[in-house]
Amino acid sequence: MSEAPADRPEPSGAASGVPADRPEPSGAASGVPADRPEPSGMVSKGSDSILELLTKRDILVCCGTGGVGKTTTAAALALEGARQGRSSCVVTIDPARRLADSLGVAQLSNSPHEIQGDWPGKLWAMMLDPKRTFDELVAQYASDAEQAERILSNRIYRSLSEALSGTHEYMAMEKLFELHNDRRFDLVVVDTPPTRNALDFLDAPGRLVRFLENRLFRLLLMPTRAYLRAVSIATRAFLRTVSKVVGVEMVQDAVAFFQAFEGMEEGFRARAESVSKLLVESGTAFVLVASPRRDSVEEAEYFAGKLKDANIEVEALVMNRLHPSFDDHEATKVDSKSAARPEKRGARRSSSGPKPSNRLSPEQAREALAVLRQNRDELNAVVERESNSYEGLLDFLGDVAVARVPFLAGDVHDLEGLEVVASYLVGPG
């Protein structure tokens, strides 16, 4: 099976990461549009800045443990891609409504939905439905509608597609492959499933191939009773034993499922191998997301080590939810929406009548200043501890782009909030 449709040229590689038949995004040569200043402040530049990754690459894989802001980061990257003139699509596995709300849509489904906005490119978003993605694969590789229906209605298949370990991870990678070959998009940002096993999503295509090549699977795949009668005594004994444990009906369902699967395994195998190759191509970049908690940093370093073992380099690190330094004006930036929030009705003091004096005595002023200084010192101590907590991770990763995103005034629940996160990812605009 071909890795990509014949009518789509292969990415041109590390030089641009953009198919030759697509116009180069504005600013792609340098990674910075002419009307936007060079990133600074919260962003440290490695071999490629995050802005350069957004303009040069085809795929950005946001990875890391759960609860570190991975989904929001992925959505903000895709939004910034659209602001850079690219046609970007973010794939999220987060079922929470808040992401759909932040993108200004009622809900997200397993099909890309275009988000309207004032940007030169296009922005699409979708929420992965592993079961539906699996169903679509079955329909694609079945020889006819009858074979597809036999599989989709089989109880074993329904259990496998909903509960089999690794299904979620593989379907995320499958959807990534599908979108990459969709000519509507030139940038795909994928929010990988949170998992304790750092390489579950990378190994998922390989696990599928190993499952298809399993000896028992191949035995049960044979369609004729004549062959089943010729199966070894040991295999028949095994099936009888299993029948006693799970019931004859369950074993019959399993045999029916494997037999209905006949002829489809080669298509699944070829597709899985293509997905694996896509993850290590030069047009794909991995973005590691972490927070300054000790457990998060340790798991991020473990994750990066496993990627290195698989010959995959992390090319960007996003440190999320950092406390801002008291003396760092860039870090203490407040989004305009929060700063411009009007006072509540009735809160404004009447201009008539005498105004109460708020002048402090010298002693009160000294006490207030002492409290402020103590607060500053305590906050700076927290900032220093956080910086020390991920210093080893930075040393381990080496020359990578680093973005530091502080705690924001409120939760990210709309496009304006995503734009604020994006401004920290690529630098002030």
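Some observations on this one:
- Scanning segment 124-181 for residues that are charged (D, E, K, R) and farther than 27 Å from Glu80 by Cα yields Lys131, Arg132, Asp135, Glu136, Asp144, Glu146, Glu149, Arg150, Arg155, Arg158, Glu162.
- Taking segment 294-402 as the region of interest, the helices (runs of 4 or more DSSP H) fully inside it that hold 3 or more residues being at pLDDT below 85 are 336-339.
- Residues in segment 375-426 that are acidic (Asp, Glu) and farther than 24 Å from Glu301 by Cβ were compared, and the one that is surrounded by the most Cβ atoms within 10 Å (Cβ to Cβ) is Glu419.
- Subset of segment 109-128 (residues that are out of contact with any helix residue (DSSP H, G or I) (no Cβ under 8 Å at 6 or more places or on another chain) and in a loop (DSSP other than H, G, I, E, B)): Ser109, Ser111, Gln116, Asp118
- Some residue of segment 199-214 being farther than 19 Å from Glu266 by Cβ, part of a loop (DSSP other than H, G, I, E, B) and modelled with pLDDT of 90 or more: no
- Inspection of segment 93-108 identifies at least one residue that is assigned to a helix (DSSP H, G or I), buried (at least 23 other Cβ atoms within 10 Å of the Cβ) and out of contact with any strand residue (DSSP E or B) (no Cβ under 7 Å at 6 or more places or on another chain).
- Test: Thr73 is more than 16 Å from Gly283 (Cα to Cα), in a helix (DSSP H, G or I) and touching a residue at least 24 places away in the same chain (Cβ under 8 Å): yes
- Scope segment 69-88; condition closer than 16 Å to Ala172 by Cβ and over 11 Å from the mean Cα position of the chain (by Cα); matching residues: none
- Single residue of Val105, Val90 found to be among the hydrophobic types (A, V, I, L, M, F, W, C) and either in contact (Cβ under 8 Å) with a residue 24 or more places away in the chain or within 14 Å of Ala285 (Cα to Cα) (or both): Val90
- Residues (closer than 18 Å to Arg293 by Cβ and out of contact with any strand residue (DSSP E or B) (no Cβ under 7 Å at 6 or more places or on another chain)) located in segment 59-92: Thr65, Gly66, Gly67, Thr72
- Among the residues of segment 233-270, not one is at pLDDT 80 or above, of a type in the set (Lys, Arg) and either exposed (fewer than 15 other Cβ atoms within 10 Å of the Cβ) or out of contact with any helix residue (DSSP H, G or I) (no Cβ under 7 Å at 6 or more places or on another chain) (or both).
- Within the span defined as segment 144-154, every residue fails to be part of a loop (DSSP other than H, G, I, E, B), hydroxyl-bearing (Ser, Thr, Tyr) and in contact (Cβ under 8 Å) with a residue 60 or more places away in the chain.
- Among the criteria (1) at pLDDT 80 or above; (2) of a type outside the set (S, T, N, Q); (3) surrounded by 16 or more Cβ atoms within 10 Å (Cβ to Cβ); (4) under 27 Å from the mean Cα position of the chain (by Cα), the one Ile151 does not fulfil is (4).
The values are calculated or read from the model by the stated rules, or taken from the named source; none is laboratory data. Since we're looking at a predicted model, the values are computed, not measured. Cβ coordinates were reconstructed from backbone atoms using ideal geometry, including for glycine residues, and neighbour counts include every protein chain displayed.
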